[in-house]
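Asker: Before anything else, here's the structure in question.
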Amino acid sequence: MQFIKHSVVFVKKLTDNRLKTFYFYSTISLTANKSTTTNKMDTPNLVVRRVENIIKSQEDKRLYRGLELANHMKVLLVSDPTTDKSAAALDVNVGYMSDPKEVLGLAHFCEHMLFLGTKKYPNENDYSKFLSEHGGSSNAATYPDHTIYYFDIVPDELNNALDRFSQFFIAPLFTESATDREVNAVNSEHEKNIPSDVWRKDQLDKHLAHPNHSYHTFGTGNKYTLDTLPKETNINVRDELLKFHEKWYSSNIMCLAILGKETLDELEEMVVKLFSEVKDKSVESPRWEEHPFKEEHFGTCVYMYPIKDVRNLNIVFPCPDLQEYYKSSPSHYISHLMGHEGPGSILSTLKARGWSNNLVAGSRPAPRGMGFFGVTVDLTEEGIKHIDDIVELIFQYMNMLKEQGPQKWVQDENRDIGNMLFRFKDKESPRSYISGLVHTLQDYAMEDVLSCMYLFSEWKPDIIESIWSDFVPEKIRIVVLAKQYESQLDEVEPFYGTKYKVKKIQESTLQKWRDAGLSDNLKMPEKNEFIPTDFQLFTIDKDITEHPTIIQDTALTRVWFKQDDTFLLPKANVMFDFVSPLAYLDPLNCNLTHMLVQLFRDALNEYAYAAELAGLKWELINTKYGLILAIGGYSNKQHILLDKVMEKLTHFKVDPKRFEICKENYIRNLKNFAAEQPYQHAVYYLAALLTEHSWTKQELLAATDQLTLDKLEAFIPQILSKMHIECLIHGNANKEKALQLVQIVEDRLLSALNMSPLLPRQLLLNRELKLEDGCNYVYEVQNDVHKESCIELYYQCGLQSKENNMKLELFAQIIQEPCFDILRTKEQLGYIVFSGIRRSNGVQGLRIIVQSDKHPTHLDDRIEEFLKNMLTHLVNMPEDEFARHREALAAQRLEKPKQLSTQTNIYWGEITAQQYHFDRANVEVGYLRTLTKEDIVEFFKNLLEENAQLRKKLSVHVVSMADGGAGTLSEKEFTATDRQNKPSVVCDITVFKSSHEMHPLVQPYINITRKGNKCKL
């Protein structure tokens, strides 16, 4: 695997996004944006430049214009009359590497504070409240060298949202009260990250850099750097915020991107009116030409103690800033080869020797002016004994590349794939699209902002050779993470407490790497045979349906088909649900199913990697009900990949060496769950309490003692020979093509195995536990890793139905913004505050999650107080505000999927839930629009009010027992808690579940015969 080109790392994100790789294809004609404008507003003094020739894909129907305002802010306008959401994003070309040394974390703190009131809109939650009432959302992120803010909104309110948004950059308040409180939120965010090995390693890297370099910093900030230390040195943090904003928040280093339904001229008028007020302070964005690591840092190995039981080897070389070479992207050429996973690759050789399972190579995220090139591999138990040999192998591969020299056919192939991906690029949600585009305005010519990540129009082999000339033993830096080094580590990084030790690599070892030579096992990849050659769309069927329909139904298979008539791209998604009761029969079978999936994916990876590069993805996952196989992407050669997958699956032989490596890795992953975030534990244990059948991590771990190669080899034909297959083919296909794909699967299974179908009752889904009226349960678990505790409160509201769904969703919509504003912003209970709906097995309820340094019992009290106040909030809510919430929810539910895969997932969700309500959004929104405020008040009083007869409450308390954690209640918290009715404590999950009945399953929305209810194949 290779790193994404020009990738970046968020400081503020709750979810981890897997790095995606862009590859490049040609032979396809590209179009420049052909929009022409007339009657432009007369703004000669406010717009100094317009760019109309922005290169876009010929499939892209949106219109684009680039602007440079008189205050030198750069702007990208995107006009899409069909959009059902508008969005905007602004990028300021300064980040946390520009923090004053006396107030580390100031840039990140500034990002937080800008949300909390401006001179024109002084109320702290005005911006978020406005977005919430109009179907919008927002976020921001601080990087080392820039900061980004973004939002989306229903199209009619774009101008009003922009008015509020623009004030962030014109006249923020930075009030004293908000400043004091928001320090706690930043500190809570940092506390959340302390047990994360990703954050710890990143901070250790900064800590070890030259102390006089700006890279040597602590970007997140915490209570000490933003409150304690400034007070000790008589620094007023609010004053520093004002200075930072006044110095750096200058229009000439800002870029703005906006997508709306308006014409380009109308969007331009909005922008000029609102953003011309941002001051141009003529600052220069900082750039760091000097590398943060000097000669003394090279030739070193850092040993680091991780929180989780992981073993990783990280190799890093210095690299120049390559942004100016984006049209030839030399780093992509190198990472494509070094990160390759096919035959002859570094990873293939490492796996053959039993040293590693995964490898990632490529340019690492780096601030402007400098760069890093890295190779990261995970290490098996055997691999950690061969670190020097692994490094030698990597040098042997680089020697092979250098000896052969840059190969133009590799660049041409990547160029061809990139052009293909650019032409047929999926639409994204407006918010994702605009927030992803805005930073490119800082670094690339406006004509290239859409295409710069995809198109290679130049070939510069000399730059490639210049880059890898630095990939030598003298300039290597190594970081190894493993628990086994703990006793040898005598240094501690100050902000995360990470134990580490730096050692110079012995000269004899460096010499061994210099003399590495070549290896017969390593070679260049073969030419990619999976690159599509046919992009024709199937003729639309005369009898095309609006939703998926069944085109085959036997005892063995049920086939759903929907020809795409919306996205009109040469892509399709093919889903197979292989249902088998054996998959989750007991913890051992669950483990066996998991091992089958992991080993099979491992075995097929070399073959399928080329397909993935060419935009053809595949996935095999295990579920409670069996296996799901998915193939998606360009439809041209899907049948080839599907046939290979099924041929390999039906004749799968387990490699004994890979079995032992995979088993050890699986056991470590089960144990590592203890180090996950407390809120993840809360979500997990709530599911364990409520789901009819669920095996806990502890039960799965205990069953690994019985996990043997012999049992897996016996299990594989058993699970594959008795099953039911439910399929969905959606996209560029017709019925004939769909049935041909299904036939491939059936033929492979029937020819290799003695297949027999299941009975309909073997295809029933899990049910959900039914809580009794008036109950109040609490289940407590302890966490020894994190200092923060967590609570998840769940109020069960019954089976899913049109009426129940909309009442619960509308109530959740109304309380979402107040919940965040009150519990997080005002009461400062914690950084992670979430309210929303939990749906599982056809049953739903309201859930509220808070991760905090406070005890869960105290959090329970505060959440109950919040809910009590929400009744008053509801009753006193003006009718027009209620109507805005109702329409905001309607807009959210009716927002059309932007990608084929999103629509596929909606269909697939209905199919796997066996509800088959493909028109759910329209039907439910029709009912939503009949709801009154009184309906929601009644809903609250019946199901959620504290003493309501029908209220059903279950809470999970994850209590921190770590040093300095929230494991004890303060006297004040006890006093508050004593006022509440004591809940019933759940001591044993099995006993709890055995004493409750189950909800019935939700019946299908359409009249349909039960799966498998056929006499014969």
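The values are calculated or read from the model by the stated rules, or taken from the named source; none is laboratory data. Keep in mind that this is a model prediction, so the values were computed, not measured. Cβ: placed from backbone, ideal geometry, glycine included. Neighbour counts: every protein chain shown.
Asker: For the stretch 631-640, which residues satisfy the criterion of being in contact with a helix residue (DSSP H, G or I) (Cβ under 9 Å, 6 or more places away or on another chain) and either farther than 24 Å from residue 899 by Cβ or surrounded by fewer than 23 Cβ atoms within 10 Å (Cβ to Cβ) (or both)?
Answerer: 632, 637, 639, 640
Asker: Is there a residue being among the small types (Gly, Ala, Ser), out of contact with any Lys or Arg (no Cβ under 6 Å at 6 or more places or on another chain) and not assigned by TED's automatic domain parsing to the domain that holds residue 571 anywhere in the stretch 373-382?
Answerer: No - not one qualifying residue is present in the stretch 373-382.
Asker: So for the stretch 763-778 (the condition being among the hydroxyl-bearing types (Ser, Thr, Tyr) and in contact (Cβ under 8 Å) with a residue 60 or more places away in the chain), does at least one residue qualify? Lay out the reasoning, then the answer.
Answerer: From the stretch 763-778, those among the hydroxyl-bearing types (Ser, Thr, Tyr) are 777; that's our starting set.
Still in the list and also in contact (Cβ under 8 Å) with a residue 60 or more places away in the chain: 777.
Yes.
Asker: OK, next. Any idea which of 739, 759, 750 is more than 16 Å from residue 649 (Cα to Cα) and at pLDDT below 95?
Answerer: Result: 759 is the single residue among 739, 759, 750 that is more than 16 Å from residue 649 (Cα to Cα) and at pLDDT below 95.
Asker: So how many residues does the stretch 346-371 have that are of a type outside the set (Phe, Trp, Tyr), farther than 21 Å from residue 468 by Cβ and assigned to a loop (DSSP other than H, G, I, E, B)?
Answerer: As a first pass, look at the stretch 346-371 and keep what is of a type outside the set (Phe, Trp, Tyr): 346-354, 356-371.
Applying the additional criterion that residues be farther than 21 Å from residue 468 by Cβ yields 351-354, 356-358, 367-368.
Then drop every residue that is not assigned to a loop (DSSP other than H, G, I, E, B), which leaves 353-354, 356-358, 367-368.
Count: 7.
Asker: Return the residues of the stretch 819-856 that are without any contact (Cβ under 8 Å) to a residue 60 or more places away in the chain and among the aliphatic types (A, V, I, L, M); say none if nothing qualifies.
Answerer: 822, 823, 829, 833, 837, 848
Asker: Moving to a separate point now. Pick from 502, 492: which is outside the structural domain of residue 619 (by TED's automatic domain parsing) and in contact with a Lys or Arg (Cβ under 8 Å, 6 or more places away or on another chain)?
Answerer: On the way: 502 fails: in contact with a Lys or Arg (Cβ under 8 Å, 6 or more places away or on another chain).
From the options 502, 492, the qualifying one is 492.
Asker: Would you check if residue 212 is surrounded by fewer than 20 Cβ atoms within 10 Å (Cβ to Cβ), under 30 Å from residue 49 (Cα atoms) and modelled with pLDDT of 95 or more?
Answerer: no
Asker: Name the residue, out of 167, 203, that is within 16 Å of residue 143 (Cα to Cα) and either part of a helix (DSSP H, G or I) or under 24 Å from the mean Cα position of the chain (by Cα) (or both). Lay out the reasoning, then the answer.
Answerer: Numbers: 167 fails: within 16 Å of residue 143 (Cα to Cα).
Unique residue meeting the criteria: 203.
Asker: Quick test for you: out of 577, 602, pick the one residue that is among the acidic types (Asp, Glu), crowded, with 21+ Cβ neighbours inside 10 Å and modelled with pLDDT of 95 or more.
Answerer: Only one candidate passes the filter, namely 577.
Asker: Just give me the residues in the stretch 723-736 being in contact with a Ser or Thr (Cβ under 8 Å, 6 or more places away or on another chain) and surrounded by fewer than 18 Cβ atoms within 10 Å (Cβ to Cβ), in sequence order.
Answerer: First, pick out the residues of the stretch 723-736 that are in contact with a Ser or Thr (Cβ under 8 Å, 6 or more places away or on another chain): 723-728, 730-734.
Hit for the stretch 723-736 is 734, nothing else.
Asker: Inside the stretch 854-876, can you point out the residues that are among the aliphatic types (A, V, I, L, M) and either on the phi > 0 side of the Ramachandran plot or surrounded by fewer than 17 Cβ atoms within 10 Å (Cβ to Cβ) (or both)?
Answerer: Matches in the stretch 854-876: 871, 875.
Asker: Let me ask something else. Within the stretch 295-324, track down each residue that is among the hydroxyl-bearing types (Ser, Thr, Tyr) and either closer than 22 Å to residue 666 by Cα or without any contact (Cβ under 8 Å) to a residue 12 or more places away in the chain (or both).
Answerer: Across the stretch 295-324, the qualifying residue is only 305.
Residues checked against (1) among the aromatic types (Phe, Trp, Tyr); (2) assigned to a loop (DSSP other than H, G, I, E, B):
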{"residue": "434", "(1), (2)": "no, no"}
{"residue": "441", "(1), (2)": "no, no"}
{"residue": "451", "(1), (2)": "no, yes"}
{"residue": "456", "(1), (2)": "yes, yes"}
{"residue": "459", "(1), (2)": "yes, yes"}
{"residue": "465", "(1), (2)": "no, no"}
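Asker: Out of all the residues in the stretch 539-574, which are crowded, with 17+ Cβ neighbours inside 10 Å, in contact with an Asp or Glu (Cβ under 9 Å, 6 or more places away or on another chain) and part of a loop (DSSP other than H, G, I, E, B)?
Answerer: 548, 556, 567, 569, 570
Asker: Residues to consider are 435, 429, 487, 469; find the one that is polar (S, T, N, Q), over 30 Å from residue 396 (Cβ atoms) and more than 26 Å from the chain's Cα centre (by Cα).
Answerer: On the way: 435 fails: more than 26 Å from the chain's Cα centre (by Cα); 429 fails: more than 26 Å from the chain's Cα centre (by Cα); 469 fails: over 30 Å from residue 396 (Cβ atoms).
Answer to the selection: 487.
Asker: Of a type in the set (Gly, Ala, Ser), within 25 Å of the chain's Cα centre (by Cα), modelled with pLDDT of 95 or more and not in a helix (DSSP H, G or I) - does that describe any residue in the stretch 767-785?
Answerer: no
Asker: Test of understanding: among 121, 127, which residue is in contact with a strand residue (DSSP E or B) (Cβ under 9 Å, 6 or more places away or on another chain) and aromatic (Phe, Trp, Tyr)?
Answerer: Working: 121 fails: in contact with a strand residue (DSSP E or B) (Cβ under 9 Å, 6 or more places away or on another chain).
Answer to the selection: 127.
Asker: Answer yes if at least one residue in the stretch 373-380 is more than 27 Å from residue 604 (Cα to Cα) and part of a loop (DSSP other than H, G, I, E, B), and no otherwise.
Answerer: Scanning the stretch 373-380 turns up no residue that is more than 27 Å from residue 604 (Cα to Cα) and part of a loop (DSSP other than H, G, I, E, B).
Asker: Okay, moving on. Within the stretch 951-972, how many residues turn out to be surrounded by 15 or more Cβ atoms within 10 Å (Cβ to Cβ) and either modelled with pLDDT under 90 or part of a loop (DSSP other than H, G, I, E, B) (or both)? Show your work before the answer.
Answerer: Initially, the stretch 951-972 is screened for residues surrounded by 15 or more Cβ atoms within 10 Å (Cβ to Cβ), giving 951-962, 965-967, 969.
Filter again for either modelled with pLDDT under 90 or part of a loop (DSSP other than H, G, I, E, B) (or both), leaving 951, 961-962, 965-967, 969.
Final tally of qualifying residues: 7.
Asker: Right, residue 115: out of contact with any Phe, Trp or Tyr (no Cβ under 7 Å at 6 or more places or on another chain), free of Cβ contacts under 8 Å to residues at least 60 places away in the same chain and of a type in the set (A, V, I, L, M, F, W, C) or not?
Answerer: Criteria not met by residue 115.
Asker: Could you give me the residue pairs with C-beta distances under 8 Å whose first residue belongs to the stretch 427-450 and is in contact (Cβ under 8 Å) with a residue 24 or more places away in the chain and on the phi < 0 side of the Ramachandran plot, whose second residue is outside any loop (DSSP other than H, G, I, E, B) and among the aromatic types (Phe, Trp, Tyr) wherever it lies, and which are 6+ apart or on separate chains?
Answerer: Partner pairs satisfying both residue conditions: 427/433; 431/150; 431/151; 434/150; 435/150; 438/150; 450/64.
Asker: I'd like the full set of residues that are in contact with a Gly (Cβ under 7 Å, 6 or more places away or on another chain) and aliphatic (A, V, I, L, M), limited to the stretch 779-818.
Answerer: Listed by number, the residues that qualify are 799, 812.
Asker: In the stretch 755-779, how many are among the acidic types (Asp, Glu) and surrounded by fewer than 16 Cβ atoms within 10 Å (Cβ to Cβ)?
Answerer: Of the residues in the stretch 755-779, 2 are among the acidic types (Asp, Glu) and surrounded by fewer than 16 Cβ atoms within 10 Å (Cβ to Cβ).
Asker: Can you name every one of the strands (runs of 3 or more DSSP E) wholly within the stretch 38-149 that holds 1 or more residues which are surrounded by fewer than 20 Cβ atoms within 10 Å (Cβ to Cβ) and at pLDDT 95 or above?
Answerer: Answer list for the stretch 38-149: 47-51, 63-69, 137-142.
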